[in-house]
Amino acid sequence: MMERRTMLAMLGLMPITACARQSRAPGELWVGSSPTGVPFSYVDPATNELTGAMIDIARRVLREIGLTGDYRAAPFAALIPSLTTGRIDMIAAAMQRTPDREKIVDFSAPVFSYGGGLVVRREDRGAYPALSAIGDKRVGAQVGTRFVDQLRGAGVGRVKTYDGLGEIVRDLANGRIDAGYGDDPILRYQLRVGPQRRVRMADDFTPPVKEDLCLIVEKGNPLLARLNDAIARLRKDEMPAILRRWGLG
């Protein structure tokens, strides 16, 4: 039988900084997050640990209810399967609340809301007020996200999926695709602080919908009520301060 340690490593669930422990410590939750969702969650190269706005929010909310978190990196598309099979206890990542996801997991009260952003090459001076304006262009989107569904729902037929938005921006700059569509704050952050590439945000673009960003637990988990109470207490002052520190306020 495959050892648990080997299985977790294959799923991308090994902790970033230490060997995997076999059981939770008292008062501890295993929290899963994507390592590629800057500024919401990513691996800090200086510390090799998960960090970001959603990590800070999760830490503060858990501290408010007397719990701690062991933060574990996993590919975005593996987060919900990891939660529903008990490999993690909570998700803190740039995963928005959607009707399809609500059938599978429970979402806390919102901590942030945003929509999709469209990125094109700098020399592309076309107008892109909506997804329908993309036409038959080749568009990159992150696998397992709502943005793939939105593109297909708008009739965009040439959609290429990627593991992360960084790969989308790189392929766009290199001419392998014509546009990229994904989390607006993450794309803007990458263009602001990442390598200088000949790409730009389509600033005339309006996303079809804005959706809520929440902490996520398994369906029916009684922890949800405690999370919501803590978020309500922190919403006025501390939550906005965390978001501002990450350029999201």
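Pulled fully out, how much extra length does the chain show between ARG60 and ASN228, if you take 0.36 nm times their separation in residues and subtract their Cα-Cα distance?
59.2 nm
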Amide H neighbours of VAL199 under 5 Å, at least 5 residues apart or on other chains, H built in the peptide plane: list them.
-> ARG122
From the phi of every residue in the range 76-89, what ³J(HN,Hα) in whole Hz does the Karplus formula 6.51 cos²θ - 1.76 cosθ + 1.60 yield, where θ is phi - 60° and glycine or proline is x?
-> 3, 5, 8, 5, 5, x, 5, 5, 6, 9, x, 6, 9, 10
In angstroms, what radius of gyration and Dmax does the range 116-201 have, counting Cα atoms only?
-> 11.4, 32
Residue separation times 0.36 nm, minus the C-alpha to C-alpha distance between VAL209 and ASP163: what's the value?
-> 14.3 nm
Residues in the range 204-232 near a label at SER113, defined as backbone nitrogen under 11 Å from the 7 Å Cα→Cβ point?
-> 210-213
Set of aspartates and glutamates near LYS160 by C-alpha distance (under 19 Å), chain-local residues within fewer than 8 positions excluded = ASP136, ASP149, ASP171, ASP178, ASP183, ASP184
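Give, in nm to one decimal, the length gained when the segment between ALA77 and VAL193 is fully stretched (0.36 nm per residue of separation minus the Cα-Cα distance). Working shown, then result.
Values: separation 116, 0.36 × 116 = 41.76 nm, distance 2.51 nm.
So the extension gain works out to 39.2 nm.
Just so you know, all these numbers are worked out from the coordinates, no wet-lab data involved. This is a predicted model, so every value here is computed, not measured. So basically every Cβ, Gly included, is an ideal-geometry build from the backbone, and we count neighbours across all protein chains shown.
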